[in-house]
Amino acid sequence: MQSIHDYDPELQKYVKLTRLGKIKITPRIVRIANFIGKPRFIRLLKDADLSSVKYKIKGYKDTPLDIICYTPKGIEKVRPAILFFHGGAFMLNGFEHSRNFARIYAREIGARVFFVDYHLAFKYPYPYAIEDAYLALEWVFKSAKELMIDKNRIAVIGDSAGGFIAAALSQLSKDRNGPKIKTQMLIYPVIDSKAKTKSMEEFDDTPGWNSRLNRQMCDIYFKDPEALGEYTTLLDKDCSNLAPAYVEAHEFDCLRDEAIEYAKNMGKSGTDVTLKIVKGSFHGADLFSKTEIVKNVMEERFVYLKEKLSD
């Protein structure tokens, strides 16, 4: 149902631009989007203050997994590590704006940020992405000395579908007694494949993302009943003994309520959680970095990460 919402005045002009409507997600549409989004179509600016190193490790079922590490230049000592998981409905590549977020966190936090190019649907549905994420976490932890990171200060960050990966990874590592995660930052995350919240019913034509697209995404990514396990509906998971969490929900986002409910579940279970509800905003609005609302949102993320990853 399309309706008029009280968007932040600076974001209002981007509403029509980012409204996706009733797009039908098909392999062809995904291929076109990924083709257009390749770096050769984007003017790339050299980040003189950052270095980047590419790694290739074994992903889920021995598929090659690419990882890029961004580090502020001049840092030659052990630093915290951030594993960054981009959004894109589990189907879109890590486009330049996502990689830019990783670079921003490296620069602002003074951390080594590992951008994980996890495997994508349609070809690689659940559980590829979260198993890739777990293998990346294990690799960073086991390679701490060579990578010059503090294995006791590892954060995971994800937005949208990447938020699901970060949240599921935190659960998975806890359940497998894997590497300890210092903190998790979940930005307008996908949490529940059932997609039955009030905001999911209400926001079927909101900018950035909507419930029509979300249901298609879930049907595509969580398509194999044989493979579906306990990490597809995180609202049903035990939230005790998880890493401290920062959860960011945006007011006019179909994913809003599941993010809020997950944050509350963590809090009730004794997990240290910070819930940020961004009024007047929508899914993906942090792309518009020159607006005051986004500047404030980003600053709150930086403050949280610096506190949690401090010595």
Exercise. Relative contact order (percent) for segment 1-160, with alpha-carbon contacts under 8 angstrom and 6 or more residues of separation?
Worked result: 25 percent
Problem set entry | the chain, relative contact order [Cα under 8 Å, separation at least 6], % | 19 percent
Exercise. What net charge is computed for the residues neighbouring L135, neighbours being all others with C-beta under 13 Å from the C-beta of L135, Lys and Arg scored +1, Asp and Glu -1?
Worked result: -1
Problem set entry | FRET E, pair K73, F35, Förster distance 25 Å, beta-carbon r, rounded to 0.05 | 0.20
For this session: Would you please give the residues with an amide H less than 5 Å from that of S51, counting only those at least 5 places away or on a separate chain, with H modeled from the backbone geometry?
Result: T71, K73
For this session: Using just the helices of the chain, give the 222 nm mean residue ellipticity in deg cm²/dmol: DSSP H runs with n ≥ 4 each add -39,500 (n - 2.57), and the total is spread over all residues, rounded to 500.
Result: -10500 deg cm²/dmol
Exercise. Say we join alpha carbon atoms closer than 10 Å with springs in a Gaussian network model of the chain; which of F288, F95, F114 then has the biggest fluctuation?
Worked result: F288
Exercise. Where both residues lie in the chain, what percent of DSSP beta bridges are antiparallel, nearest 5?
Worked result: 40 percent
Exercise. By a straight-distance test (C-alpha under 17 Å), which aspartates and glutamates pair with K223 as possible cross-link partners, with residues fewer than eight away in the same chain excluded?
Worked result: E131, D192
Seminar exercise, completed: A correct Karplus calculation of ³J(HN,Hα) over segment 230-243, with 6.51 cos²θ - 1.76 cosθ + 1.60, θ = phi - 60°, whole Hz and x for Gly and Pro, returns 6, 9, 8, 10, 5, 5, 8, 7, 5, 9, 6, 6, 8, 5
Seminar exercise, completed: One finds the C-alpha centres of segment 117-156 and segment 214-261 to be spaced, in Å, by 19 Å
For this session: Identify which of V278, V116, V156 has the largest mean-square fluctuation in a Gaussian network model of the chain, with springs joining Cα atoms closer than 10 Å.
Result: V278
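Just so you know, all these numbers are worked out from the coordinates, no wet-lab data involved. Keep in mind it's a predicted model, so treat the numbers as computed, not measured. Cβ atoms come from the backbone with ideal geometry, glycine included; neighbour counts cover every protein chain shown.
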